[in-house]
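K.L.:
Sharing a structure with you now.
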Amino acid sequence: MEVNGYRCPDEGDAETEEKETAGGKQQRPSKESASRTKAADCAENAVAAAAGGGTSRDRLASNSRTRQRIDSLKKNRPPFPWFGMDIGGTLVKLVYFEPKDITAEEEQEEVENLKSIRKYLMSNVAYGSTGIRDVHLELKDLTLCGRKGNLHFIRFPTQDMSAFIQMGQDKHFSSLHTTLCATGGGAYKFEPDFRKMADLQLLKLDELDCLIKGVLYIDSVKFNGHSECYYFENPTDPVQCQKKPYNLENPYPLLLVNIGSGVSILAVYSKDNYKRVTGTSLGGGTFLGLCCLLTGCSTFEEALEMATCGESTTVDKLVRDIYGGDYERFGLPGWAVASSFGNMMCKEKRESVCKEDLARATLVTITNNIGSITRMCALNENIDRVVFVGNFLRINTLSMKLLAYAMDYWSKGQLKALFLEHEGYFGSVGALLELLNPT
Amino acid sequence: MAACVEIGGGGHSMDKSITLPPDEIFRNLENAKRFAIDIGGSLTKLAYFSTVQHKVAKVRSFDHTGKETEDEPLYEVSVQEEITARLHFIKFENAYIETCLDFVKDHLVNTETKVIKATGGGAHKFKDLLEKKLKLKVDKEDEMTCLIKGCNFVLRNIPHEAFVYVKHAEPEFRFQTTHPDIFPYLLVSIGSGVSIVKVESEDKFERIGGSSIGGGTFWGLGALLTKTKRFDELLQLASRGQHTNVDMLVKDIYGGAYESLGLTGDLIASSFGKSATADKEFSKEDMAKSLLHMISNDIGQLACLYAKLHNLSRVYFGGFFIRGHPVTMHTITYSINFFTKGEVQALFLRHEGYLGSIGAFLKGAEEDNPNQYSWGENYAGSSGLMSISPDMFPMQRTRSGTFDMLEMDRLERELVNLPLLLDSSSYIPDTVDLTEDALAREYWLSCFEEALDGVVKRAVASQPDLQDARERAEKFRHKYRHKLQTLRHQPCAYGSLTVRSLLDTREHCLNEFNFPDPYSQIKQRENDLALRYFQKVVSSMEMLSWEDRQFALVKGLLAGNMFDWGAKAVSDVLETDPTFGFDEAKRQLQERPWLVDSYSKWIERLKGPPHKCALFFIDNSGIDIILGVFPLVRELLCRGTEVVLASNSGPALNDVTYNELQILTEKIAAMDSVIHSGITKDRLILVQSGSSSPCLDLSRLDKGLATVVNERHTDLVVIEGMGRAIHTNYYAVLRCESLKLAVIKNSWLAERLGGKIYSVVFKYEQPRE
């Protein structure tokens, strides 16, 4: 089945399985596989020894683990746990598939630390002082590779990456012998640390490939029965402006704008034909960085809260501040910003400005700039639909509405701004999919 | 009024009541009219039109009704007053606006002026002050319209107006040749915000986009972050900072490059990204630098996106964010190179700060039709590019108290390209760019400085009856020496530095102090002398065989060209040894093979059919024109070739001027039937080049000359002399046959070309098929 041109790995696998069953080629379980297990076990130990990485503790657990592994391999799927990780400049995004269809046999054979990882993740919504599980984004009763379960979305600051790796070492993550699929720049930057500290080998994946995969997949499975994609109706009218579901069934061509610490803009023509059109260094990192310097805040949430309370017009110089009204000759409305932070050239105004206003102005400046670069790219690429993703948009309705407004207003209604519920998690979803269905 | 302002002095704490040296800043106010003012955030630009009364040397034929007497000179030289039009543009700090307006009012005589055109953000703020002080009605003009009008004007009228900036290169400025067709282009004006304007023709332009992230963002945000108030200081901070301490780079995320996308590790992934995570103090310098990069990159990126969308490759940057600041020119250039992968060059303008005032002035002067004339930058009255790298001279960047000036002279004639240039857009008149060639620059600057004594002496000698000649000559010496010193430090101050620009600057300075034609008497005497030998030379030629005669003609032309007061070696000989004559010159001449020698090719060509029409750019008076050029002209006429003789419109050194040429030709025609019939049958035509330079810019020639060249189907261009054929045009490629000849009368240059003094260059070229 193709949705958005994306072939869902679970559906596909299910079909294959059915065929095999129908053709009477179903593999018999138990004894036969048990004998194969031993052989595989030996082979694996040999590999582990040769690599010099195996430990005695590994061997103790190897029997049941290997059975599970073979079982998974037989069904063309990797052993649990299933993670996908996206290590960005500011945030690490982790998706975790929690199987809900674990049989009693599996339960019994499940190794201890795998169980403990699952329990730890599922019984908490916060990890350490900075890790957070976005419960509201959880995808329930998802079928992935023939397994039913829930998909969880977890994030923590990239700064805490070493603590995370340390945890991987402490919990003997390496003994699970799973492949850790990682994307984002951190997959490259932290690869040596994963290897040296936690004895973990990363499978490094390109972040843009993962991003697109993730977007197409999540949109295809829908958000617990709701639409993943939405837009704002009447973006130019603050009262009438409303969030509305959008059907992204025939998405191409599509401009995909990923606003993380920095911004990447991709033109997507089909599921595996895309190009990075451009990018800008003025992104979420700039918003937070400037806010921290200007207001002394330290978190994205704080910065956003201040921005929500603030007024940017005290900070920015508007067209009407210069021309007394609209600059009609060039069709510039009086309310348009002529110079971001322009009022701050004046000493008196600098002295009287409040933090909230500065935060708001920073948000508006960064958001509008992304909007205008996006609009130019859309024109140059001749694309009229733009999907904005990335964690800059998390809990940031202000920016989303601004983008929706800007796209609509400056293009005279020609451009549509679309958003996705799982904002910044698509890269990690893409990484997970790569684990389940390697290309 | 208290303290006196010293031009070029610094310090922004200066007393605001100042005494302006009137002659040096607001010049020619007594005839000033058509005022325009552009008041920006910190600088005011005043523009006005004025007339300058200055002396010109005129020559006039005596009315010989009676018999000619032996001792009477062949024509009369007189100095007359002439009035020419000049545009004045003066830039000063807003702080001085009241004082300046008072000064202008006090010196304004002309009463017909009723309005002042005003533009710029401050025009509104200062409206009342303007009306009160000047008693003129303020007439506001649209800022953008003025900007574009001004831009078109400088691009059209000032050669080397546009340049690209290359940090750490030698030179940092690469000036662009004036493109005959300036449209279409993109103008990115970076004031407090950014406007991106597409200009398609003189009257057609459109603001296609813009950005709110501009100079105001740098200034405002920079002031908040660093507690530094002044824009210039912020730039200085930035020039000392390290943005990598504040920005998150690709390598901070990837550990190295993002190779599959070709993003190098040093690229900025997130501006200010480190200040979002690292809990530490950041230095002012580093933050300022990061901010500068953020804004420059953003503007560059948008400019590129617009340029691409509208398919434009010429992008000019201006506005107070740029205005000659090497720091911002560098970051913008970097950004444009990055985003277009070198396909688009960021261009900057030397007179960018004046565009608004020029445009406002032009709006007010529409009835004078300023755009139908050609204008030229007056090097004597213009300050040149003030920009200096702040790392090198931090103090000079604080420009408070300085007055910057631009003066443009209305040229008598409209200037156009020589239609015979193969590719006018790639034509560069000058052979050597002294901004690039440090060795040559050093030589020529010294050479001109050494020659200064002689020039001063000559100037004084040319006006024996005028009491103040010595004083003015000393003023000239001071001014020109100052220009040379400026150029030593800032070779790019007036665009590309060339031998031509050094010569032209000298002429402008001489004119400035009313020495319009220091060589007039010398030219007169030499013309007189040479005329007496004309017939003898011609008849001696006629006795020769055809082949010998052709060689004798060329040799005569070359020998004649040795008589040149522009070359120091020759002027020494001429001053000390008056017996140095035509025959002596022939003996001194290099024997064949010459340094550059295509004589055989030339003679072969002469054996073929005659040329339809030859255009001859002549050089010196006296022996050169009379005994060198005219015999050859005569020969060409006899062959059936029409001849167009092009001479300078105004005086420069001992070069023949158009007026002199007319008289000389008349005299020669009176004694030579070939020349006579050439004139009467309209086969020998005299034209003026439109130039007053010892060199020749084939892209700025009198329109009348271009018309004649076209009408006559000119198929041969002869360019004679060092100034026109060596210093300039040596590499000029024409669509027809060309002959460039000169004697190298400077031993340094001769050596450089691989020869000795008095080496001969005889360069005959046929157009490529």
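The values are calculated or read from the model by the stated rules, or taken from the named source; none is laboratory data. Only a predicted model underlies this, so the values are computations on that prediction, with no experimental measurement involved. Neighbour counts run over all protein chains shown; Cβ positions are idealised from the backbone, glycine included.
K.L.:
Kindly indicate which of A:A303, A:A307 is crowded, with 24+ Cβ neighbours inside 10 Å, more than 12 Å from every other protein chain (Cβ to nearest Cβ), in contact (Cβ under 8 Å) with a residue 40 or more places away in the chain and not in a loop (DSSP other than H, G, I, E, B).
P.N.:
On the way: A:A303 fails: more than 12 Å from every other protein chain (Cβ to nearest Cβ).
The unique qualifying residue is A:A307.
K.L.:
Pull out all pairs, ordered by first then second residue, where Cβ-Cβ is under 7 Å, the residues are six or more apart or on different chains, the first lies in the stretch A:138-153 and is among the aromatic types (F, W, Y), and the second is outside any strand (DSSP E or B) and surrounded by 17 or more Cβ atoms within 10 Å (Cβ to Cβ).
P.N.:
Within 7 Å, the pairs are A:F153/A:D134; A:F153/A:L137; A:F153/A:H422; A:F153/A:Y425.
K.L.:
Could you count how many residues in the stretch A:229-247 are buried (at least 23 other Cβ atoms within 10 Å of the Cβ) and part of a loop (DSSP other than H, G, I, E, B)?
P.N.:
Selection size over the stretch A:229-247: 1.
K.L.:
Specify which of the listed residues (B:P631, B:P651, B:P609) is within 28 Å of the chain's Cα centre (by Cα), more than 26 Å from B:W748 (Cα to Cα) and at pLDDT 90 or above. Quick ask: steps written out before the conclusion?
P.N.:
On the way: B:P631 fails: within 28 Å of the chain's Cα centre (by Cα); B:P609 fails: within 28 Å of the chain's Cα centre (by Cα).
Step by step, each of B:P631, B:P651, B:P609 is checked, and only B:P651 is within 28 Å of the chain's Cα centre (by Cα), more than 26 Å from B:W748 (Cα to Cα) and at pLDDT 90 or above.
The rows are residues; the columns are (1) at the interface with chain B (Cβ under 9 Å from one of its Cβ atoms); (2) of a type in the set (K, R); (3) in contact (Cβ under 8 Å) with a residue 40 or more places away in the chain; (4) in a helix (DSSP H, G or I).
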| site | (1), (2), (3), (4) |
| --- | --- |
| A:A338 | yes, no, no, no |
| A:E351 | no, no, no, yes |
| A:L358 | yes, no, yes, yes |
| A:T365 | yes, no, yes, yes |
| A:I370 | no, no, yes, yes |
| A:A378 | no, no, yes, yes |
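K.L.:
Another question about this same structure. So which of B:A278, B:A269, B:A257 ends up being under 28 Å from A:I265 (Cα atoms), surrounded by 24 or more Cβ atoms within 10 Å (Cβ to Cβ), within 13 Å of another protein chain (Cβ to nearest Cβ) and small (G, A, S)?
P.N.:
Working: B:A278 fails: surrounded by 24 or more Cβ atoms within 10 Å (Cβ to Cβ); B:A257 fails: surrounded by 24 or more Cβ atoms within 10 Å (Cβ to Cβ).
Every option except B:A269 fails the conditions.
K.L.:
Give me the residue from the stretch A:127-137 that is under 21 Å from A:F164 (Cβ atoms) and of a type outside the set (G, A, S) and, out of that set, surrounded by the fewest Cβ atoms within 10 Å (Cβ to Cβ).
P.N.:
Within the stretch A:127-137, the first condition is being under 21 Å from A:F164 (Cβ atoms), and the residues that meet it are A:127-135, A:137.
Now restrict to residues that are of a type outside the set (G, A, S): A:127, A:130, A:132-135, A:137.
Details: A:Y127: 19, A:T130: 16, A:I132: 16, A:R133: 20, A:D134: 17, A:V135: 10, A:L137: 20.
If we take residues in the stretch A:127-137 being under 21 Å from A:F164 (Cβ atoms) and of a type outside the set (G, A, S), then A:V135 is surrounded by the fewest Cβ atoms within 10 Å (Cβ to Cβ).
K.L.:
Please return the ranges of helices (runs of 4 or more DSSP H) entirely within the stretch B:279-372 where 1 or more residues are free of Cβ contacts under 8 Å to residues at least 60 places away in the same chain. So that I can check it myself, show each step before the final result.
P.N.:
Numbers: elements: B:284-309, B:326-340, B:355-364.
Ranges flagged: B:284-309, B:326-340.
K.L.:
Could you say whether any residue in the stretch B:110-120 is at pLDDT 85 or above, outside any strand (DSSP E or B), surrounded by 14 or more Cβ atoms within 10 Å (Cβ to Cβ) and touching a helix residue (DSSP H, G or I) at 6+ places or on another chain (Cβ under 8 Å)?
P.N.:
Yes, because at least one residue in the stretch B:110-120 is at pLDDT 85 or above, outside any strand (DSSP E or B), surrounded by 14 or more Cβ atoms within 10 Å (Cβ to Cβ) and touching a helix residue (DSSP H, G or I) at 6+ places or on another chain (Cβ under 8 Å).
K.L.:
What is the residue count in the stretch B:281-309 for residues that are among the polar types (S, T, N, Q) and at the interface with chain A (Cβ under 7 Å from one of its Cβ atoms)? Talk me through it step by step, then tell me what you get.
P.N.:
Within the stretch B:281-309, the first condition is being among the polar types (S, T, N, Q), and the residues that meet it are B:283, B:290, B:296-297, B:301.
This time we only want the ones that are at the interface with chain A (Cβ under 7 Å from one of its Cβ atoms), so: B:297, B:301.
Qualifying residue count, the stretch B:281-309: 2.
K.L.:
Right, something else. Of the residues that make up the stretch A:172-183, is at least one within 14 Å of another protein chain (Cβ to nearest Cβ) and either assigned to a loop (DSSP other than H, G, I, E, B) or buried (at least 17 other Cβ atoms within 10 Å of the Cβ) (or both)?
P.N.:
So in the stretch A:172-183, the residues within 14 Å of another protein chain (Cβ to nearest Cβ) come out as A:182-183.
Cutting the leftovers down to either assigned to a loop (DSSP other than H, G, I, E, B) or buried (at least 17 other Cβ atoms within 10 Å of the Cβ) (or both) gives us A:182-183.
Checked against the condition, which is being within 14 Å of another protein chain (Cβ to nearest Cβ) and either assigned to a loop (DSSP other than H, G, I, E, B) or buried (at least 17 other Cβ atoms within 10 Å of the Cβ) (or both), the stretch A:172-183 yields at least one hit.
K.L.:
Let me ask another. Go through the stretch B:518-589 and tell me which helices (runs of 4 or more DSSP H), entirely inside it, have 1 or more residues that are at pLDDT 90 or above.
P.N.:
Details: elements: B:520-542, B:546-560, B:568-576, B:582-588.
The helices (runs of 4 or more DSSP H) meeting that bar are B:520-542, B:546-560.
K.L.:
Conditions first: (1) closer than 26 Å to B:R500 by Cβ; (2) assigned to a strand (DSSP E or B); (3) polar (S, T, N, Q). B:T178 passes all but one, so which condition is the exception?
P.N.:
(2)
K.L.:
Of the residues A:L254, A:L266, A:L282, A:L248, only one is over 19 Å from the mean Cα position of the chain (by Cα) and aliphatic (A, V, I, L, M); which? Outline the logic, then answer.
P.N.:
Working: A:L254 fails: over 19 Å from the mean Cα position of the chain (by Cα); A:L266 fails: over 19 Å from the mean Cα position of the chain (by Cα); A:L248 fails: over 19 Å from the mean Cα position of the chain (by Cα).
Answer to the selection: A:L282.
K.L.:
In addition: Can you name the residue in the stretch B:213-243 that is facing chain A (nearest Cβ under 10 Å), part of a loop (DSSP other than H, G, I, E, B) and not basic (K, R) and, of all such residues, is surrounded by the fewest Cβ atoms within 10 Å (Cβ to Cβ)?
P.N.:
Within the stretch B:213-243, the match that is surrounded by the fewest Cβ atoms within 10 Å (Cβ to Cβ) is B:I213.
Every residue, every condition in (1) assigned to a helix (DSSP H, G or I); (2) within 8 Å of another protein chain (Cβ to nearest Cβ), yes or no:
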residue: A:E249; (1), (2): no, no
residue: A:L255; (1), (2): no, no
residue: A:L293; (1), (2): yes, yes
residue: A:S298; (1), (2): no, yes
